[in-house]
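Chemist: Pasting in a structure now, in structure tokens, and then I'll have a few things to ask.
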Amino acid sequence: MRKTTVAAVLITAFVAVAYAKADNPRYKLVWEDDFNGTTIDTAYWSKIPRGGSDWNRHMSDLDTLYEVRGGNLILRGIANTQYPDTSRYLTGGVYTKNKKTIKYGKVEIRAKLQGARGAWPAFWMVANNVGWPTGGEIDIMERLNNDTIVYQTIHSYYTHVLGIKDTPQHGGINKIDADGYNIYSVEIHPDSLVLSVNGNHTLTYPRIETDKEGQYPFGIPYYLMLDMQIEGSWVGKAAPEDYPVEQHIDWVKFYEPEDTETVQSEK
């Protein structure tokens, strides 16, 4: 049976308090997409292919699921009543895999999310060249149905395979404006991950001293995924009459720390 150590709990609390008291780190903007054109910039983004997991089982490259308009990237989820596809729902998603990655720094996404029964939009990051869960995962935003909260969560071999999710705490929730734009962010440091919504702190996930495998794999090149997801074991069943549903992404920004030359994003 796994035991929670006093030292690990104290480290988690210390990092959270230190973050709250410290001045904000200084960053420089190194890449942004404000979606002011009329098409997706394929130098940085690719459409996410379909897979067999809950999150990607309805992914499609159907053009109607993607639009760049009014300074927003619009990703849609629809009930499939007319297209020659076996999937009951179709969803759009893009990622920067093999095109734009970041090791250390800050990632921000400003977006507005439509709610629906069974809707599960997500903004998240995984390792570019290391398999899951060994490479880890940063869930910057997951919303369920019509919730007025979002989930921000850290996954790794340590949390997923070993099942150690509370030493340190690996996830949290934060309020959103359910009808407006919100800014979702993660800061990636050598010793911690810091998640927030609209500048309001959600979670600090620290590197801790442990003999368990894979607790803090972060600090390797990560790419960003933005996607609409429908149904799954977590979010539950969808209601076709609630669709189509959209997410409007105003901009994405990658920052690097100003105070070091060794902590860099990669392209």
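Chemist: Subtracting the Cα-Cα distance from 0.36 nm times the residue separation, let me have the gained length for residue 28 to residue 46 in nm, one decimal.
Modeler: Full-extension gain reported as 3.9 nm.
Chemist: Mind checking the dipole of the chain: about its Cα centre, +1 per Lys or Arg Cβ, -1 per Asp or Glu Cβ, Debye to the nearest 20?
Modeler: With only Lys, Arg, Asp and Glu charged at Cβ, the dipole is about 420 debye.
Chemist: Then there's this: If I stretch the segment between residue 61 and residue 250 completely, what's the gain in nm (0.36 nm per residue apart, minus their alpha carbon distance), one decimal? Please report the intermediate quantities before stating the final value.
Modeler: Values: separation 189, 0.36 × 189 = 68.04 nm, distance 2.09 nm.
Here the answer is 65.9 nm.
Chemist: Taking 0.36 nm per intervening residue step and subtracting the Cα-Cα distance, what contour gain separates residue 85 from residue 146 on full extension?
Modeler: 19.3 nm is the gain from fully extending residue 85 to residue 146.
Chemist: Kindly report the accessible area of the chain per residue (heavy atoms of protein chains, probe 1.4 Å, no ligands, DNA or RNA), in Å². Walk me through the intermediate numbers first.
Modeler: Numbers: 12550 Å² over 267 residues.
About 47 Å² of surface per residue is accessible.
Chemist: Related question: On a 0 to 90° scale, report how tilted helix 6-21 is relative to the longest principal axis of the chain, with both axes built from alpha carbons and the result rounded to the nearest 10.
Modeler: 70 degrees
Chemist: While we're on this one: Express the relative contact order of segment 24-130 as a whole percentage, based on alpha carbon pairs under 8 Å and six or more residues apart in sequence.
Modeler: So the answer I get is 25 percent.
Chemist: With all protein chains present, how much of the accessible area of the chain (probe radius 1.4 Å) comes from carbon and sulfur, to the nearest whole percent?
Modeler: 48 percent
Chemist: Quickly work out the residue 39-to-residue 241 label distance, labels modelled 7 Å from Cα along the C-beta direction, and quote it in nm with one decimal.
Modeler: My value for the distance between the label points is 4.0 nm.
Chemist: State the label only: which of (1) 50, 23, 15; (2) 31, 21, 17; (3) 27, 21, 17 corresponds to semi-axes √(5λ) of the Cα gyration tensor in Å computed from the shown model?
Modeler: (2)
The values are calculated or read from the model by the stated rules, or taken from the named source; none is laboratory data. On a predicted model such as this, the values are computed, not experimentally measured, just so you know. Methodologically, a virtual Cβ is constructed for each residue, glycine included, from the backbone with ideal geometry; neighbour enumeration extends over all protein chains shown. Note: accessible area is taken over every heavy atom of the protein model, side chains too, but ligands, DNA and RNA are not part of it. Shrake-Rupley method; radii C 1.70, N 1.55, O 1.52, S 1.80 Å.
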